[in-house]
Amino acid sequence: ELTGEISSGIGNLTSLTFLNLSNNELTGEIPPEIGNLTNLTRLHLYDNQLTGEIPSEIGQLTNLGYLWLLSNQLTGSITTEIGDLTNLINLNLDGNQLTGDIPSEIGNLTNLTYLRLESNQLTGEIPPEIGNLTNLTTLNLSDDQFTSIPESVCPIYPNMNYFNTDNNNLCPPYPSCLSEEDLGFQDTS
């Protein structure tokens, strides 16, 4: 079991294609040097105790297909550079302490099939650009503090195998394709 911080020297491993440091007791921030690993197709740092913000340099990992940072203590907003990861098919940031809005740049990730942002402290409107994610089959935005969901979710909703927006603050009017039952419990007080 690994403990301590991820060394900035990790940025020297530039030929690496898969980095899995999950299920350890790593602490500290994700070093910005992670952006040097431009050959990575998978980055798994889940189930650690990582803190701080997701570094904007993550946007340099344009070959990434899988980005799993779930179950850490990451804070701050989701970096807009996430929109540069156009090969991403699987993005899992659930179970952190992320705040702010989902950046509209998420709509650039048109290859995404799996998006999990639940159990954070994300707020505001789910951006209309979510409708660009026409390959999405799993969307979990539950247990956050979103206030509205756009009509643009309707064209992609029929493709979903799993859709969960339970336990947010989503207020009507709701998209025409979704019933209150589809949206789950909402605190609209």
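The values are calculated or read from the model by the stated rules, or taken from the named source; none is laboratory data. Note that this is a predicted model, so its numbers are computed, not measured. For neighbour counting, all protein chains shown are included, and Cβ atoms are generated from backbone atoms with ideal geometry for every residue, glycine included. Calculation scope for accessible area: heavy atoms of the full protein, side chains included, ligands and nucleic acids excluded. Shrake-Rupley method; radii C 1.70, N 1.55, O 1.52, S 1.80 Å.
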Looking only at residues that are in contact with a strand residue (DSSP E or B) (Cβ under 9 Å, 6 or more places away or on another chain) and surrounded by 16 or more Cβ atoms within 10 Å (Cβ to Cβ) in segment 120-134, which one is nearest to Leu69 (Cα to Cα)? Asn120
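Conditions (1) under 19 Å from Asn120 (Cα atoms); (2) in a loop (DSSP other than H, G, I, E, B); (3) of a type outside the set (D, E, K, R), marked per residue:
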{"site": "Gly4", "(1), (2), (3)": "no, no, yes"}
{"site": "Leu16", "(1), (2), (3)": "no, yes, yes"}
{"site": "Ile34", "(1), (2), (3)": "no, no, yes"}
{"site": "Tyr46", "(1), (2), (3)": "yes, yes, yes"}
{"site": "Glu53", "(1), (2), (3)": "yes, yes, no"}
Just wondering, is there one or more residues in segment 90-109 that are part of a strand (DSSP E or B) and farther than 22 Å from Asp144 by Cα? no
Evaluate the following for Asn72: is it out of contact with any His (no Cβ under 7 Å at 6 or more places or on another chain) and either within 23 Å of Asn24 (Cα to Cα) or assigned to a strand (DSSP E or B) (or both)? yes
Would you mention how many residues in segment 135-188 are under 19 Å from Leu109 (Cβ atoms), open to solvent by 60 Å² or more (accessible area, probe 1.4 Å) and assigned to a strand (DSSP E or B)? 1
Pick from segment 11-35, criterion β-branched (Val, Ile, Thr) and open to solvent by 20 Å² or more (accessible area, probe 1.4 Å), ranking: modelled with the lowest pLDDT: Thr14
Every pair of residues 6+ apart whose Cβ atoms lie under 9 Å, when the first sits in segment 8-25 and is among the charged types (D, E, K, R) while the second is open to solvent by 70 Å² or more (accessible area, probe 1.4 Å): Glu25/Glu1; Glu25/Leu2; Glu25/Thr3; Glu25/Gln49
Ile106 being within 17 Å of Leu67 (Cβ to Cβ), open to solvent by 30 Å² or more (accessible area, probe 1.4 Å) and either among the aliphatic types (A, V, I, L, M) or touching a His at 6+ places or on another chain (Cβ under 9 Å) (or both): no
Which condition number in (1) within 24 Å of Gly83 (Cα to Cα); (2) in contact (Cβ under 8 Å) with a residue 40 or more places away in the chain is the one that Pro127 fails? (2)
Looking at segment 124-131, is at least one residue among the acidic types (Asp, Glu), more than 18 Å from Thr110 (Cα to Cα) and not in a loop (DSSP other than H, G, I, E, B)? yes
Residue, nearest to Tyr114 (Cα to Cα), within segment 68-90, restricted to residues that are touching a Leu at 6+ places or on another chain (Cβ under 9 Å) and hydroxyl-bearing (Ser, Thr, Tyr): Thr86
Taking the conditions exactly as written (open to solvent by less than 50 Å² (accessible area, probe 1.4 Å) and free of Cβ contacts under 8 Å to residues at least 60 places away in the same chain), does Asp94 satisfy them or not? yes
